[in-house]
1. Which one of GLY152, PRO109, HIS92 has its Cα pushed farthest toward the positive end of the charge dipole of the chain, where Lys and Arg give +1 and Asp and Glu give -1 at the Cβ?
2. With all protein chains present, calculate the accessible area of ASP161 using a 1.4 Å probe and round the result to the nearest 10 Å².
3. Using a 1.4 Å probe, what is the accessible area per residue for the chain, in Å²?
4. Is the shape of region 97-145 best called rounded, prolate or oblate, per the rule: a/c under 1.5 gives rounded, else a/b larger than b/c gives prolate, else oblate, with a ≥ b ≥ c the square roots of the Cα gyration tensor eigenvalues?
5. Tally up the carbon and sulfur contribution to the accessible surface of the chain as a whole percent, 1.4 Å probe, everything protein left in place.
6. Among ASN193, ASN58, ASN135, which one shows the highest mean-square fluctuation when the chain is modelled as a Gaussian network with alpha-carbon springs under 10 Å?
7. Please compare each pair in LYS52/LYS75; LYS70/LYS166; LYS50/LYS70; LYS52/LYS108 to a cut-off of 19 Å on the Cα-Cα distance and tell me which ones are over it.
8. Regarding region 81-123, what is the average projected area of its C-alpha convex hull, in nm²?
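The values are calculated or read from the model by the stated rules, or taken from the named source; none is laboratory data. Computed from a predicted model, the values in this text were never measured in an experiment. With ideal geometry, Cβ positions are generated from the backbone for all residues, glycine too; neighbour counts draw on all protein chains shown. All accessible areas refer to the heavy atoms of the entire protein, side chains included, with ligands and DNA or RNA removed. Shrake-Rupley method; radii C 1.70, N 1.55, O 1.52, S 1.80 Å.
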Amino acid sequence: LVNMFNKLNKIKNIKKNIISEEIPPGQFVTEKFPALTFGEIPNIDIEKWKLKITGNINYPFTLNWTDIQKYKMIKTTTPFHCITQWSRMVNHWEGIPFKKIYELAKPKPEAIYVMIHSYGGYSTNLDLQTLLEENVILAHIHDGSILSPEHGYPLRLVVPDRYGWKSAKWISKIEFTNNNLPGFWESRGYHMNGDYWKEERFS
């Protein structure tokens, strides 16, 4: 009972600390977690699912779901800020740190950008430095449950320091590149960087 009480207090303190953080400009806080998606939710067969690591790297490779499960998972608790102005301040994620993919692929020095591709044709661009932050993961669990299809099952990118559209769902390919090319929403007027503290919503 003492251990359980201590764990509950620890969770409450984490939640309290996160909620007490300053809210980015133009955002409002909600407990809901809306699933905003362009197009249809892809119907992904986990037995056929693959994640391709490619681009200007020394060691291209492809992972299936069995491979993913072999890697050590980490847990992180972070806010999620959507460009449509809602913020969910406490999200518990579990997955593989992006740094693990970086270490395995060994990108060449000039490959300082990354294009994330998803099932269904979505894509988004990010700079490599942002992706190497400790809290960036390839998540398969949210708030203790396996991701639902509308939230990116089986695997989504989570980039807490950027607006939510950068946290691509249903990822299928990670491409390391030399040039910062626009992804799906970026080519339609969204900002190339998406820093919510600077309100980088649109170009």
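1. HIS92
2. Number for this one is 60 Å².
3. On the way: 11030 Å² over 203 residues.
The answer is 54 Å² per residue.
4. Numbers: a/c = 2.13, a/b = 1.32, b/c = 1.61.
Judged from the Cα gyration tensor, region 97-145 comes out oblate (a/c at least 1.5, b/c at or above a/b).
5. Values: 5830 of 11030 Å².
The computed percentage sits at 53.
6. Largest GNM mean-square fluctuation: ASN58.
7. On the way: LYS52/LYS75 23 Å; LYS70/LYS166 26 Å; LYS50/LYS70 15 Å; LYS52/LYS108 17 Å.
Result: LYS52/LYS75; LYS70/LYS166 exceed 19 Å.
8. Numbers: hull surface 20.5 nm².
Orientation-averaged projected area of the Cα hull: 5.1 nm².
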